[in-house]
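Q: I have a structure I would like to understand better, so I am pasting it below and will then ask my questions one at a time.
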Amino acid sequence: MQVKVLGTGCQKCEFLEQRVKKVASDNNVEIEFEKVSDVNDILSFGIMMTPGLVVDGDVKSSGKIPSEQQILEWIQ
């Protein structure tokens, strides 16, 4: 499973990255994680507000930090 956090390095983006990694680790879910910080790459997903979360190519959230439970549902 490929999980991408889209963001330029703001606090919310960093927090989302940490939360995704924590949820995956706590629940023994193996993910391939990637941080996308290039603005053109972010825009290619149609994301206008960061942070963004993409799971297997599907944009799951934009402009907010999803709950741990919501992230777990998306990565299971």
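The values are calculated or read from the model by the stated rules, or taken from the named source; none is laboratory data. Because the structure is predicted, anything quoted here is derived from the model rather than measured. Glycine gets a Cβ as well: all are built from the backbone with ideal geometry, and neighbour counts include every protein chain shown. These accessible areas exclude ligands, DNA and RNA; they are computed on the full protein's heavy atoms, side chains included. Shrake-Rupley method; radii C 1.70, N 1.55, O 1.52, S 1.80 Å.
Q: Counting only helical runs of four or more DSSP H residues, what would the 222 nm mean residue ellipticity of the chain come to if each run contributes -39,500 (n - 2.57) and the total is spread over all its residues? The partial results should precede the final answer.
A: On the way: 3 runs with 30 residues, N = 76.
Per the formula, -11500 deg cm²/dmol.
Q: Just to confirm a number: summing +1 for Lys and Arg and -1 for Asp and Glu over residues other than T50 whose beta-carbon lies under 13 angstrom from that of T50, what do you get? Provide the component values of the computation, followed by the final result.
A: Details: positive: K4, K12, K35, K64; negative: E14, E17, D38, D41.
That works out to 0.
Q: Where both residues lie in the chain, what percent of DSSP beta bridges are antiparallel, nearest 5? Spell out each step's value before the answer.
A: On the way: 8 of 13 bridges.
If I count the DSSP bridges inside the chain, around 60 percent turn out antiparallel.
Q: I would also like to ask the following. Any idea what log10 I(q)/I(0) is at q = 0.18, 0.21, 0.24 Å⁻¹ for the chain, Debye with uniform C-alpha scatterers and no solvent?
A: Listed by q, the Debye log ratios stand at -0.60, -0.83, -1.09.
Q: Can you run phi through the Karplus equation (6.51, -1.76, 1.60; θ = phi - 60°) for segment 41-46 and list ³J(HN,Hα) in whole Hz, with x for Gly and Pro?
A: Coupling constants for segment 41-46: 5, 4, 5, 5, 8, x Hz.
Q: Enter the accessible area per residue of the chain (Å², integer; probe 1.4 Å; all protein chains in place).
A: Details: 4500 Å² over 76 residues.
Result: 59 Å² per residue.
Q: On full extension of the chain, what length is gained from L72 through V39, given 0.36 nm per residue of separation minus the C-alpha to C-alpha distance? Spell out each step's value before the answer.
A: On the way: separation 33, 0.36 × 33 = 11.88 nm, distance 2.66 nm.
Extra length available between L72 and V39 comes to 9.2 nm.
Q: Report, by chain and number, residues whose modeled amide H sits under 5 Å from the one on S61, excluding near sequence neighbours (fewer than 5 apart, same chain).
A: Under 5 Å from the amide H of S61 lie the amide H atoms of L53, each far enough along the sequence or on another chain.
Q: For D56 and E30 in the same chain, what is the full-extension length gain: residue separation times 0.36 nm, less their Cα-Cα distance, in nm? Let's see the in-between values first.
A: On the way: separation 26, 0.36 × 26 = 9.36 nm, distance 1.29 nm.
Value of the extension gain: 8.1 nm.
Q: Once you charge only the Cβ atoms, +1 for Lys and Arg and -1 for Asp and Glu, what is the size of the charge dipole of the chain about its Cα centre, to the nearest 20 debye?
A: Working: 8 positive and 12 negative charges, 59 e Å.
With Lys and Arg at +1 and Asp and Glu at -1, about 280 debye.
Q: Length gain on complete extension for the stretch E14 to I65, per 0.36 nm per residue less the alpha carbon to alpha carbon distance? Intermediate values should be presented prior to the final figure.
A: On the way: separation 51, 0.36 × 51 = 18.36 nm, distance 1.04 nm.
Stretched fully, the E14-I65 segment lengthens by 17.3 nm.
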